[in-house]
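Reading through the structure tokens given below for one structure.
Every number in this text was worked out from the coordinates using simple rules, so none of it is lab data. Fair warning: this is a prediction, and the values are worked out from it, not measured in the lab. Don't worry about glycine lacking a Cβ; one is built from the backbone with ideal geometry, like all the others, and counts go over all protein chains shown.
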Amino acid sequence: MSISQLKSRRTIRCYDPNYVIPKEDLEKIVDAAFNSPSAMNVQETDLVVVTNKEKLQKLNDAVFASLDEKSQQMYLGMQKQTHVKQEVLYDCSAVFLLVKNERASPAIQQLDSGILAMSVLMAAHDLGLGTVPLGTLIRPQTEEVLGLPPKSVLLGIGVGKPLSFEPHPKENLRKVTYIE
């Protein structure tokens, strides 16, 4: 992975609803993610990859229905701009769920899942696919729809073929302090 790849990845919120990600590409993303470092090599985060269209629609609908009115209006506004059918999943072809496993430790779980998430984002980008981190999937409805243990979902990542990709400069609001 190069610095230019890191700088060119953007969050995509508009996917081709008819695109099917080849199984080989899904496996490449999983393989890259599972090569991520983890604290003490505990490997406490598993992946659940959802590609079933009915399950994705059911997931989208359940999560959207669980949102408060203000959040629903925000998603409907984005949907109106992008013309996607799915308010929450943006018509992505797959959702990668980061799920804590039996080795999960609250002390390092966020760190390890963040590293794994970045690996999923960058592996998909390397394959020409778009991604969108979906924090809104961290809720009971996701686990209910997919039959996952309660409080196990750490993050969702939508993956698919972007309908458009218009690189734009990203305004950086973060600060760095060098202590020399």
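For the cross-link pairs LYS28/LYS85; LYS53/LYS161; LYS53/LYS85; LYS7/LYS175; LYS23/LYS170; LYS7/LYS55, which exceed 23 Å when the distance is taken from alpha carbon to alpha carbon?
Values: LYS28/LYS85 28 Å; LYS53/LYS161 15 Å; LYS53/LYS85 13 Å; LYS7/LYS175 17 Å; LYS23/LYS170 32 Å; LYS7/LYS55 33 Å.
Beyond 23 Å between Cα atoms: LYS28/LYS85; LYS23/LYS170; LYS7/LYS55.
Amide H contacts of LEU134 (H built 1.01 Å from N, in plane; Pro and chain starts excluded): GLY156, ILE157, GLY158 sit under 5 Å, all sequence-distant by 5 or more or on other chains.
Here the Karplus relation 6.51 cos²θ - 1.76 cosθ + 1.60, evaluated at θ = phi - 60°, turns the backbone of the stretch 32-37 into coupling constants of 4, 5, 6, 8, 5, x Hz, with x for every Gly and Pro.
Any idea what the relative contact order of the chain is, in percent, if you count C-alpha pairs under 8 Å spaced at least 6 apart? Mind dumping the intermediate values first?
Numbers: 274 pairs, mean separation 61.9, N = 180.
Averaging sequence separation for qualifying contacts and normalising by length gives 34 percent for the chain.
Suppose R0 equals 35 Å; then what is the FRET efficiency for THR51 and THR177 from their Cβ-Cβ distance, rounded to the nearest 0.05?
Details: r = 43 Å, r/R0 = 1.23.
Step by step, r from the Cβ atoms, then E = 0.20.
Computed from phi, the 3J(HN,Hα) profile of the stretch 20-31 under the Karplus parametrisation 6.51, -1.76, 1.60 (θ = phi - 60°) reads 10, 6, x, 3, 4, 5, 4, 5, 5, 5, 4, 4 Hz, with x in place of Gly and Pro. Computed per residue of the chain from DSSP H runs no shorter than four, each worth -39500 (n - 2.57), the mean residue ellipticity at 222 nm is -12000 deg cm²/dmol. Using 13 Å as the cut-off for backbone N distance, which residues of the stretch 123-147 belong to the label zone defined by a point 7 Å from the Cα of ILE3 along Cα→Cβ? Zone members listed by number: none at all.
What ranking of TYR90, TYR178 emerges when the number of other C-beta atoms within 10 Å of each C-beta is taken as an exposure proxy, fewest first? Walk me through the numbers before you get to the answer.
Working: TYR90 26, TYR178 4.
By the 10 Å Cβ count, ascending: TYR178, TYR90.
Note on LEU89, LEU59: ascending count of other Cβ atoms within 10 Å places them as LEU59, LEU89, the fewest first. Whole-Hz Karplus values for the stretch 45-52 come out as 10, 9, 10, 10, 10, 9, 10, 5 Hz, taken residue by residue from phi with 6.51 cos²θ - 1.76 cosθ + 1.60 and θ = phi - 60°; glycine and proline positions read x.
Legend: ranking of residues SER93, SER36 from fewest to most surrounding C-beta atoms inside 10 Å; resulting order SER36, SER93.
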